[in-house]
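Working notes for the structure below.
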Amino acid sequence: MVSVFHSCSYNSEDDLTDNIIVSEVNYEDNIKSIIDNNCISCHNNPPVNGASMSLTSYNNVLEAIENRNLIGRISTNDLGLVMPSGGPRLPQNLIDLIVQWEQEGLFEN
Amino acid sequence: MKYKLIFLMLFSCLYLSAQEDDLLGEIDTDSVINNYATAAFKGLKIVNFESTKLVAKKEMTFIVSHRFGSIENGFDSFFGLDDAVTRLNFVYGITDAVNISVSRSSFQKIYEASAKYRLVRQKENGSPFTIVGYNSILVNTALEKENLPKLEFKDRLGYTVQLLISKKVSSKLSLEIAPTFFHDNFVAYNEQHNSQYALGLGGRQKLGKRWSINVDYGWHLNRANDSPFKNPLSIGFDLETGGHVFQMHFSNAQAMNTNGFLGQATGDWNDGNIYFGFNLSRVF
């Protein structure tokens, strides 16, 4: 225990993440796990903790990206606004993956 | 026996209330007991920075702090009410000069434990300053292994080492500087060095018997270029009411732990992107 509390490390986001290279992003294989890990603790069906919509299905996520600025809310550097609420901001590689998914046309699978 | 007991209780009540009068009388005078300067700060914090005030021996203070979301979004989030973060903090006085504290903040789900200890006390014909040490260790439990595959437990830890140097300049004005070293084992911004230095500057100006205006500013000394994070500036008011100190303020930092408000403040006073907040402390 003592050694744990005396261990300094010098890591940043790049040190703890791998590059994710996906040729064509789709919801089933790439996006659903990110949403499930980070969003549905509040954006469940029904939503809890004051969340205003559910993100449990492909159509929910599609709707949030097209009409509710999902990408803006996860990529802002304003920690008072960022989702997940209360931070931390998602690692950049996951945000990039969602952006890539949107650019490629938001395929389901 | 019974009567004796009742008599004793009555007597002790009288004695206590008499004592209370004396204490109440002393609260707002600037009397110096043993020539020590008293009550440079009335709150345990100036706004975000720790003040040189400590909790008395065997006393427990509970502090609830809120920072609402940015007020710039106006009614959409009711000036930040919808995006509030909260910190619950218990501080216990082992002695008058040594305090320990534990807290949990909803900003990145941070658990924190700290020690605060007075080294030197401002005194007439003695030290011109009060000097207090502050150390804390933080555990960020919001980091997820799913997002950061190589995450280890130690990456969640952060440390603060701080010296709080205050001077009660006059009966109304107190100033503080706080040289600070803090280390986050994990930083979100890649270019930011994990070990960081800052100088805190703060002050309290009494406006009335129960009111004061408080300001503190954190000058980060090795912020990475192009970092999205800003130096925290906070302005607030202290209001004393009986056993409470109520502190209301505006700040461009939403985090409430030292590493958070120095390292991860994102608001900006220039464009109205600031947070309303308050600290409410209650002594038990």
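Worth pointing out:
For (1) in contact with a Pro (Cβ under 7 Å, 6 or more places away or on another chain); (2) buried (at least 16 other Cβ atoms within 10 Å of the Cβ); (3) assigned to a strand (DSSP E or B), each residue gets a yes or a no:
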| residue | (1), (2), (3) |
| --- | --- |
| B:Asp96 | no, no, no |
| B:Pro128 | no, no, no |
| B:Val132 | no, yes, yes |
| B:Ser136 | no, yes, yes |
| B:Leu143 | yes, yes, no |
| B:Asn147 | yes, yes, no |
| B:Lys154 | no, yes, no |
| B:Gly158 | no, yes, yes |
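- Residue that is farthest from A:Gln92 (Cα to Cα), among those in region B:160-219 that are within 14 Å of another protein chain (Cβ to nearest Cβ) and of a type in the set (Phe, Trp, Tyr): B:Phe181
- Every condition in (1) touching a strand residue (DSSP E or B) at 6+ places or on another chain (Cβ under 6 Å); (2) in a loop (DSSP other than H, G, I, E, B) holds for B:Tyr189 except the one numbered (1).
- Scanning region B:59-76 for residues that are more than 13 Å from chain A (Cβ to nearest Cβ), outside any helix (DSSP H, G or I) and closer than 25 Å to B:Asp268 by Cα turns up at least one hit.
- Residue within region A:39-58 that is assigned to a helix (DSSP H, G or I) and away from chain B (no Cβ under 13 Å) present: yes
- Residue that is in a strand (DSSP E or B) and either within 10 Å of chain A (Cβ to nearest Cβ) or touching a residue at least 40 places away in the same chain (Cβ under 8 Å) (or both), where the choices are B:Val91, B:Val102: B:Val91
- Any hit, region A:8-18, residues being part of a helix (DSSP H, G or I) and farther than 29 Å from B:Asn190 by Cα: no
- Taken over region B:238-259, the residue count meeting the criterion of being surrounded by fewer than 24 Cβ atoms within 10 Å (Cβ to Cβ) and acidic (Asp, Glu) is 1.
- Filter pass, B:Asn270 being more than 22 Å from B:Ser105 (Cβ to Cβ) and away from every other protein chain (no Cβ under 11 Å): yes
Yes or no, residue by residue, for (1) out of contact with any Ser or Thr (no Cβ under 8 Å at 6 or more places or on another chain); (2) under 30 Å from B:Phe276 (Cα atoms); (3) buried (at least 16 other Cβ atoms within 10 Å of the Cβ):
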| residue | (1), (2), (3) |
| --- | --- |
| A:Asp36 | yes, no, no |
| A:Cys42 | no, yes, yes |
| A:Asn45 | no, no, no |
| A:Ala51 | yes, yes, yes |
| A:Tyr58 | yes, no, yes |
| A:Leu70 | yes, yes, yes |
| A:Ser85 | yes, yes, yes |
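- Selection status of B:Asn231, touching a strand residue (DSSP E or B) at 6+ places or on another chain (Cβ under 9 Å), within 14 Å of chain A (Cβ to nearest Cβ), touching a residue at least 24 places away in the same chain (Cβ under 8 Å) and not hydrophobic (A, V, I, L, M, F, W, C): no
- Hits in region B:160-186 - residues which are in a strand (DSSP E or B) and of a type in the set (Ser, Thr, Tyr): B:Thr160, B:Ser166, B:Ser174, B:Thr180
Throughout, read-outs are computed from the coordinates displayed, never taken from laboratory work. These numbers come from a predicted model, not from an experiment. Methodologically, a virtual Cβ is constructed for each residue, glycine included, from the backbone with ideal geometry; neighbour enumeration extends over all protein chains shown.
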